[in-house]
Amino acid sequence: MESTCLYCGEHFTAIRSSKKYCSDNCKQMAYFKRNGLVLSGTTEVEPSLQVPVVSVKPVNTNEVSVKYDNEKDTVKYANEELNVKYDKDDRSEFEFVPLADAEEDEEDETEIAESNNVREIEKEAQKVEPIKSSLNIEKEQKDENEPRYKWINSKLIGLIEKKYEQNSGGIKIKEPIDYWEYEDAKRIVWVNTRFRCLTEGLIKLSNYSLIDQHTLLCINDAFKRLIKSITFNKLPNDYPFKELIIELFLGLNKILAEKGHLKMLAFKLTKERKAQLICIRHQLMHHTLETKFSEIDFIEEKTSEEKVQQFISKKNETEKKSDWRYRYESLKRQGLLKNQQLNKAA
Amino acid sequence: MKPLIYKTKDMENKLIVKLYKVPEDLLMDILRILFKNNIKHKIIGIQERQNIILLNVNFDLASIKNREAKENMEGILTDYSEYMKGLLGDTVLMLDEEDEENEY
């Protein structure tokens, strides 16, 4: 179907009967033309399409408010001169900034951009700061409100540490051979081994709710043997635990006298005493042998003469006869040894 | 059936349950720590012969107080077990954290 373009006037074939323009370009140009836009290299807008200028005269006033212009102090309207009133407030709003050179423009732009960024950051920071400060205040208030944690110390552990500071055993227990003479040190080691065993027994028993009376009797008996032993009595005077061992024995005796009729009884130590025993046991632990109560012998170590007697008595009769000690003893008893000696002398 | 408790990962890491064996000698000290700091705890058993109690304690590790209370408790128990080494038999005073199966 043949039609004519409304913009350029050329003939073109259209599929639709309502198509007005030959191309999209003409369609767009027609639109610009309708709205009074003139593009470079195009024809001017038709007078019919131009929007008429509407002028309005103020009705009741001789004053017209105009924007600041250095050249014009008066405004003419319809051959009438009107007074100009400068809008001072508006003028004050427009402060003219001297333009920079063209070369510096880019730098300025970047500077302005940077300064704008800095301002934005500052603004944001200003916004954030009050929040932060409020948070800090809250934290501070929390810290102030929350009392500091009070460390709680155990009474028993405190007492043990106190005993350690007093150092009841000290170097004497650590190195008895260095501190005492050999014979004394030997006795001390013998007593220490037994005392460690008894101390451990007492601490263990004090942890139980109820103990058998027989157990306490055994421990009491062990203390008794230890105290009565010659080794214990020959201990040097500066041995640190001598008095304590006797004190414990007396204490046990007292308990048994009071509660001896009970089959099961509660054995408790005072905190002070327990701390003392734990401290001593801890000191002894590193320097004396660990021995079970059932395996240890509280009977005192025998002298060399007693050992010989025991050795002889244990042997059988036949063995006894063959032994020179036995023969020597029997001869002595018979008085033969005396006669032989007399003969030798003669 | 045990109710399901939903926790975030952070919460899961911060809320812990610990099981302690507290001997009679330390009972008052440990209870003093728990009561003074309002720490949730539960006595779950007693070893009658040895006078030991089994104590379940819930700690919120996000709280400074709870953390310090935990350190305090464990410090006391460690010191005690050091001094009583060999006397407590096989008793370990601090046990591992309990894993609760139904928590997600």
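The values are calculated or read from the model by the stated rules, or taken from the named source; none is laboratory data. It should be emphasised that the depicted structure is a prediction, and the values quoted were computed from it without experimental measurement. Using ideal geometry, Cβ is built from the backbone for each residue, glycine included, and neighbour counts are taken over all protein chains shown. Accessible surface areas use protein heavy atoms only, side chains included; no ligands, DNA or RNA. Shrake-Rupley method; radii C 1.70, N 1.55, O 1.52, S 1.80 Å.
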Among the numbered criteria (1) in contact with a Phe, Trp or Tyr (Cβ under 9 Å, 6 or more places away or on another chain); (2) aromatic (Phe, Trp, Tyr); (3) at pLDDT below 90, which one does A:Tyr182 miss? (1)
Six or more apart or on different chains, Cβ under 6 Å: which pairs go from a residue in the stretch A:147-167 that's at the interface with chain B (Cβ under 7 Å from one of its Cβ atoms) to one that's of a type outside the set (Val, Ile, Thr) and open to solvent by 40 Å² or more (accessible area, probe 1.4 Å)? Could you list them? A:Tyr149/B:Lys65; A:Tyr149/B:Glu68; A:Ile152/B:Arg32; A:Leu156/A:Lys271; A:Ile157/B:Asp79
Scan the stretch B:54-78 residue by residue and report those that are closer than 30 Å to A:Phe267 by Cβ and surrounded by 18 or more Cβ atoms within 10 Å (Cβ to Cβ). B:Leu55, B:Met73, B:Ile76, B:Leu77
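In the set A:Pro236, A:Pro240, which member is touching a residue at least 24 places away in the same chain (Cβ under 8 Å), more than 12 Å from A:Phe195 (Cβ to Cβ) and surrounded by 12 or more Cβ atoms within 10 Å (Cβ to Cβ)?
Values: A:Pro240 fails: more than 12 Å from A:Phe195 (Cβ to Cβ).
Just a single option satisfies the conditions, and that option is A:Pro236.
May I ask you to verify whether B:Asn51 is facing another protein chain (nearest Cβ under 9 Å) and over 17 Å from A:Asn153 (Cβ atoms)? Show your work before the answer.
Values: facing another protein chain (nearest Cβ under 9 Å): yes; over 17 Å from A:Asn153 (Cβ atoms): yes.
Taking the combined requirement at face value, the residue satisfies it.
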Could you list, in sequence order, the residues of the stretch B:21-48 that are hydrophobic (A, V, I, L, M, F, W, C) and more than 9 Å from chain A (Cβ to nearest Cβ)? B:Val22, B:Leu27, B:Leu31, B:Leu34, B:Phe35, B:Ile39, B:Ile43, B:Ile44, B:Ile46
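Residues of the stretch A:199-229 being polar (S, T, N, Q), without any contact (Cβ under 8 Å) to a residue 24 or more places away in the chain and over 16 Å from A:Gly251 (Cβ atoms), which ones?
Initial filter on the stretch A:199-229 (polar (S, T, N, Q)): A:199, A:206-207, A:209, A:213, A:215, A:220, A:229.
The next check asks that each one be without any contact (Cβ under 8 Å) to a residue 24 or more places away in the chain; those that pass are A:207, A:215.
Correct list: A:Asn207 only.
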